[in-house]
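Reviewing the structure listed below.
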Amino acid sequence: MTDHIPPVDAAAFRAAMRLPATAVTVIATGEGDARQGLTASAVCSLSDAPPMILACINRNSKVLPAIRANGCFSANFLTEAQSAVAARFAGMTKVYGAERFAGGAWSRLATGAPVLEDALSVFDCHLDCEHDSPTHAILIGRVAAIRQDDSARSLVYTSGTFSYPAALSA
Ligand SMILES: Cc1cc2nc3c(=O)[nH]c(=O)nc-3n(C[C@H](O)[C@H](O)[C@H](O)COP(=O)(O)O)c2cc1C
């Protein structure tokens, strides 16, 4: 029945996938000059008991070996006021490594991973395990500490643009 459907190529996949709005996080790990972080939208809840999240990180990212070495990472969901942080950690301003952290105020909670002040929700995680895909590592994080700002609004990414849901702006 489905023989006539052509295979999905990468451009068609990207065109469809860029439409749905996603939350935007910064994944961060390390201390001082060894800090590493990147902007990631492939981050979501896995379970609430035990509290676990998953994050998909490109195999070429410098953040991945740092997370493995440290055994921990934070997932910092950004607010509408933090699109510049998102751009910085996505490499759009051509800064790398610890220099990316100059664009915000950072502290620590339970694991020692850097956590972003004024983020929407912060999940401070021990690295529980890792699964393989051809291009990305799927990291499972065991949540050791949480922080949130109930008064803030979520930054989202849709159609190649940082935005926030209009329904939340009323
Ligand atoms: C909105 C947005 C979402 C992204 N989501 C991811 C993601 O989920 N996983 C990932 O590995 N890279 C993601 N990226 C790309 C990384 O942020 C980017 O490649 C970054 O420069 C990687 O850092 P590195 O060069 O230090 O490894 C995303 C970029 C943007 C703009």
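The numbers here are math on the coordinates, done by the rules we state, and not lab data. This is a predicted model, so every value here is computed, not measured. Quick reminder, even Gly has a Cβ in these numbers, built from the backbone with ideal geometry, and neighbours come from all protein chains shown.
Does region 128-154 hold any residues that are in a loop (DSSP other than H, G, I, E, B) and charged (D, E, K, R), and which are they?
D149, D150, R153
Considering every residue within region 100-109, establish whether at least one is closer than 24 Å to D33 by Cβ, in contact with a strand residue (DSSP E or B) (Cβ under 7 Å, 6 or more places away or on another chain), among the hydroxyl-bearing types (S, T, Y) and within 11 Å of the ligand (Cβ to nearest atom).
Let us first name the residues in region 100-109 that are closer than 24 Å to D33 by Cβ, namely 100-109.
Going one step further and asking which of them are in contact with a strand residue (DSSP E or B) (Cβ under 7 Å, 6 or more places away or on another chain), we end up with 100-101, 104, 106-109.
Checking which are among the hydroxyl-bearing types (S, T, Y) leaves us with 107.
Filter once more, so that each one left must be within 11 Å of the ligand (Cβ to nearest atom): none.
Looking for residues that are closer than 24 Å to D33 by Cβ, in contact with a strand residue (DSSP E or B) (Cβ under 7 Å, 6 or more places away or on another chain), among the hydroxyl-bearing types (S, T, Y) and within 11 Å of the ligand (Cβ to nearest atom), one finds none in region 100-109, hence no.
Please go through region 42-81 and pick out each residue that is away from the ligand (no atom under 12 Å from the Cβ) and surrounded by 15 or more Cβ atoms within 10 Å (Cβ to Cβ).
Residues satisfying the conditions are L46, P51, M52, I53, N70, C72, F73, S74, N76, F77, T79, E80.
Yes or no: region 49-60 includes at least one residue that is more than 15 Å from L127 (Cα to Cα) and either touching a residue at least 12 places away in the same chain (Cβ under 8 Å) or in contact with an Asp or Glu (Cβ under 9 Å, 6 or more places away or on another chain) (or both). Write out each step before concluding.
Residues of region 49-60 that are more than 15 Å from L127 (Cα to Cα), as a first pass: 49, 58-60.
Restricting the remaining residues to those that are either touching a residue at least 12 places away in the same chain (Cβ under 8 Å) or in contact with an Asp or Glu (Cβ under 9 Å, 6 or more places away or on another chain) (or both) gives 58-59.
Yes, region 49-60 contains a residue that is more than 15 Å from L127 (Cα to Cα) and either touching a residue at least 12 places away in the same chain (Cβ under 8 Å) or in contact with an Asp or Glu (Cβ under 9 Å, 6 or more places away or on another chain) (or both).
Just checking, does region 144-157 include any residue being touching a residue at least 60 places away in the same chain (Cβ under 8 Å), charged (D, E, K, R) and surrounded by 16 or more Cβ atoms within 10 Å (Cβ to Cβ)?
no
Looking at region 9-38, which of its residues are away from the ligand (no atom under 13 Å from the Cβ) and over 22 Å from R59 (Cβ atoms)?
If the condition is that a residue be away from the ligand (no atom under 13 Å from the Cβ) and over 22 Å from R59 (Cβ atoms), then A12, A15, A16, L19, E31, G32, D33 are the ones that fit.
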